[in-house]
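To start, the structure under review is shown below, and the notes come after it.
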Amino acid sequence: MPSDYQSLEAELHDAFWDSEDSPELEWLDALLSQNPGPAIEVGSGSGRLLLPLLAKGHELEGLEPSSAMLDLCRDKAADMNLSPVLHAGTMAELDTPTRYQSILIPAFTLQLSADPGADLDTLRKHLLPNGLLYLTTFIPFAEIDGELPENEWYPDHELELEDGRLATLLSRHEIDRENQLLHREHHYKLSGGNGDREHHSKQSVRWFTAFQLHKLLTDHGFEPEQGIGDFDEEEPISDEAQILTVLARKM
């Protein structure tokens, strides 16, 4: 079920994410400062979070299955005079000699897992005693509630890049309610410059209710310490929250 980001999906990923208002970089900076020691970001991509955190002096490695994303990360790191430790592979393939104080799974990465329980077991083996797990998931309410009708293309993102080119993303989806899976298709287009480019991809995203996420963690050896709803530190996780952020400790 993992989505292997390639071509325009990799190249435009950070630009589309940067257009969203997410506090995760600031949160992870504070979290790593409060929990010093070796850490790894799962789904580190092209370094959108990893590289700024490295530049701040944190001891952070990256795990990423996409070769295109890894290449982009290395190029960006070279421009910043950074030398990140990057591991190619999925959560299931993580096999490093290092044991980490913190494992970070931001940006909904856990939801791309075909077997999140097994992947959490693998990650847990790489955590030090009482090590910290950070993760964020979301519930696709717009698709579930029918605000976005199934099997119809709709404009998802549009952004003018600094060089004047126009980046657009069209999406459509199907919902497997029984298994809580959202199957999405994405059509990327980059217009202008030396001609248009297009890329098509597919992705399946699993969602969890707050209760299910809590149970998933406890069933696989983690004790949740804090839950935050919709990136608002004053809001606990509730049934109405779309974005669920959890801090948990290895039991």
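Scanning the stretch 1-34 for residues that are open to solvent by 50 Å² or more (accessible area, probe 1.4 Å) and among the aliphatic types (A, V, I, L, M) turns up Met1, Leu25. Of the numbered criteria (1) polar (S, T, N, Q); (2) in contact with a strand residue (DSSP E or B) (Cβ under 8 Å, 6 or more places away or on another chain); (3) modelled with pLDDT under 95, the one Asn194 fails is (2). All conditions in (1) under 30 Å from Ile40 (Cβ atoms); (2) out of contact with any Lys or Arg (no Cβ under 7 Å at 6 or more places or on another chain) hold for Gly131, with the sole exception of (2).
Please identify the pairs in which a residue from the stretch 164-189 that is in contact (Cβ under 8 Å) with a residue 40 or more places away in the chain has its Cβ atom under 8 Å from the Cβ atom of a residue that is outside any strand (DSSP E or B) and among the charged types (D, E, K, R), counting only partners at least 6 apart or on another chain. Going by the 8 Å Cβ cut-off, the qualifying pairs are Leu182/Glu143; His186/Glu9; Tyr188/Glu9; Lys189/Asp196. Of all residues in the stretch 42-52, which are assigned to a helix (DSSP H, G or I) and crowded, with 22+ Cβ neighbours inside 10 Å? Matches in the stretch 42-52: Leu50 only. Please name all residue pairs, on different chains or six or more residues apart, with Cβ atoms under 7 Å, provided the first residue is in the stretch 63-81 and is free of Cβ contacts under 8 Å to residues at least 60 places away in the same chain and farther than 10 Å from Gly47 by Cα and the second residue is assigned to a loop (DSSP other than H, G, I, E, B) and of a type in the set (A, V, I, L, M). Filtered contacts from the stretch 63-81: Leu63/Leu94. Selection within the stretch 99-115: residues that are open to solvent by 10 Å² or more (accessible area, probe 1.4 Å), over 13 Å from Pro129 (Cα atoms) and not in a helix (DSSP H, G or I). The member of this set that is modelled with the highest pLDDT is Asp115.
So, in the stretch 232-251, of the ones that are among the β-branched types (Val, Ile, Thr) and open to solvent by less than 20 Å² (accessible area, probe 1.4 Å), which residue ends up farthest from the chain's Cα centre (by Cα)? Checked the stretch 232-251; the qualifying residue farthest from the chain's Cα centre (by Cα) is Val246. Here is the figure for the stretch 215-251: residues that are closer than 25 Å to Lys125 by Cβ, in contact (Cβ under 8 Å) with a residue 24 or more places away in the chain and not hydroxyl-bearing (Ser, Thr, Tyr) total 16. In the stretch 76-98, which residue that is open to solvent by 40 Å² or more (accessible area, probe 1.4 Å) and either among the small types (Gly, Ala, Ser) or assigned to a helix (DSSP H, G or I) (or both) is farthest from Pro38 (Cα to Cα)? The selected residue is Asp79.
Exactly one residue out of Gly37, Gly62, Gly57 is assigned to a loop (DSSP other than H, G, I, E, B), modelled with pLDDT of 95 or more and open to solvent by less than 40 Å² (accessible area, probe 1.4 Å): that is Gly37.
The values are calculated or read from the model by the stated rules, or taken from the named source; none is laboratory data. Keep in mind the model is a prediction, meaning the values are calculated, not measured. Here the Cβ is made from the backbone with ideal geometry for all residues, glycine too, and neighbour counts use every protein chain on show. These accessible areas exclude ligands, DNA and RNA; they are computed on the full protein's heavy atoms, side chains included. Shrake-Rupley method; radii C 1.70, N 1.55, O 1.52, S 1.80 Å.
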